[in-house]
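The values are calculated or read from the model by the stated rules, or taken from the named source; none is laboratory data. Bear in mind that the values here come from a model prediction, so they are computed numbers and not experimental data. Cβ atoms come from the backbone with ideal geometry, glycine included; neighbour counts cover every protein chain shown.
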Amino acid sequence: MTYDWFAGLVFFGTLTATTAIGRFIAFRIPSVREMRELNDSADQPKLARRSYQEALPKNVRAAKWQALGFYVLILPFCVNLAGLPWWRFIVDVVAVLMLYDLTYYLTHRFLFHGKPLRKIHALHHQARKPTYVDSLYVHPIETLIGQGLFQLSIPAVALATGAPLNVFAMVVATQIFVNAGTLNHVWVDLPRFPFKWLQFLTTGHAAHHVDMNQGNYCQITLLFDWLFGTYEQPVVRSEP
Ligand SMILES: [Zn+2]
Ligand SMILES: [Zn+2]
């Protein structure tokens, strides 16, 4: 595999543009805007606490530097602009996300909730009723491990298939990874189409936050929780 700097640039540009366009479109929807306002007001008292003020910038800085390093040093070896049949596009996205969800499930269950890193993970679990800001209230070591697992899934799938992956497929996978980790912490009350999936995501992770003995360790789907017997029923809160 060669270093395709142009594909790396295309990845970064497309990721940035789709993030801006996605936010613009999502917050034009009145019910989504209303949910953002409700999360914002629930976040305010949390943000006034010293622990949040200290933890948030450290975590965001660690995540940004790690992502930048990955985009510059590793990703250009793993992506290119070669055309693919449509089904390969889907298979590659699903393969990267499923490999990540499995490795994250195991890490979350046995390292973050086991002896080795329980204390570090306990910071994030101070949030018993998560809202938007709690997606960032994470110890930097936990972020580096979690984000690193996703990033390693890309070269792993590229090596398994024997060729670089399509750059746009990896933008889609990255958007799903980033947004799932954020959205599963927001509080929403949108039980109908087309937002039912969002409600499912947030109430599933809310069950994990009830205390540190709960299952639902996956981040993207709850497939491995369901398979390995750690699935918890969703927790629906009537307010943030
Ligand atoms: Zn946890
Ligand atoms: Zn969480």
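Brief remarks on what is shown
Here's the yes/no breakdown for (1) part of a helix (DSSP H, G or I); (2) closer than 24 Å to Met35 by Cβ:
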| position | (1), (2) |
| --- | --- |
| Thr107 | yes, no |
| Pro116 | no, no |
| His125 | yes, yes |
| Arg128 | no, yes |
| Val133 | yes, yes |
| Gly146 | yes, no |
| Leu149 | yes, no |
| Pro194 | no, yes |
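- The set of residues in the range 104-132 that are modelled with pLDDT of 95 or more and over 19 Å from Gly204 (Cβ atoms) comprises Phe110, Leu111, Gly114, Leu117, Arg118, Lys119, Ile120, Ala122, Leu123, Gln126.
- Scoring Val91 on the criteria (1) surrounded by fewer than 19 Cβ atoms within 10 Å (Cβ to Cβ); (2) under 30 Å from Ser238 (Cβ atoms); (3) free of Cβ contacts under 8 Å to residues at least 60 places away in the same chain leaves a single failure, condition (2).
- Restricting attention to the range 109-149, the residues being more than 12 Å from ligand 2 (Cβ to nearest atom), among the charged types (D, E, K, R) and more than 13 Å from His208 (Cβ to Cβ) number 3.
- Failed criterion for Leu201 (all others in (1) surrounded by 19 or more Cβ atoms within 10 Å (Cβ to Cβ); (2) closer than 26 Å to Phe12 by Cβ hold): (2)
- When Leu227 is tested against (1) away from ligand 1 (no atom under 16 Å from the Cβ); (2) surrounded by fewer than 17 Cβ atoms within 10 Å (Cβ to Cβ); (3) at pLDDT 95 or above; (4) in a loop (DSSP other than H, G, I, E, B), just one condition goes unmet, and that condition is (4).
- The range 227-240 residues that are free of Cβ contacts under 8 Å to residues at least 60 places away in the same chain, paired with ones that are part of a loop (DSSP other than H, G, I, E, B) (beta carbon under 7 Å, 6 or more apart): Tyr231/Gly215; Tyr231/Asn216; Tyr231/Leu222; Glu232/Gln214; Glu232/Gly215; Glu232/Asn216; Val235/Val210
- The residue list Val186, Val235, Val171 contains one member that is outside any loop (DSSP other than H, G, I, E, B), surrounded by 16 or more Cβ atoms within 10 Å (Cβ to Cβ) and at negative phi, which is Val171.
- Arg50 being at pLDDT 95 or above, over 16 Å from the mean Cα position of the chain (by Cα) and over 26 Å from Asn216 (Cβ atoms): yes
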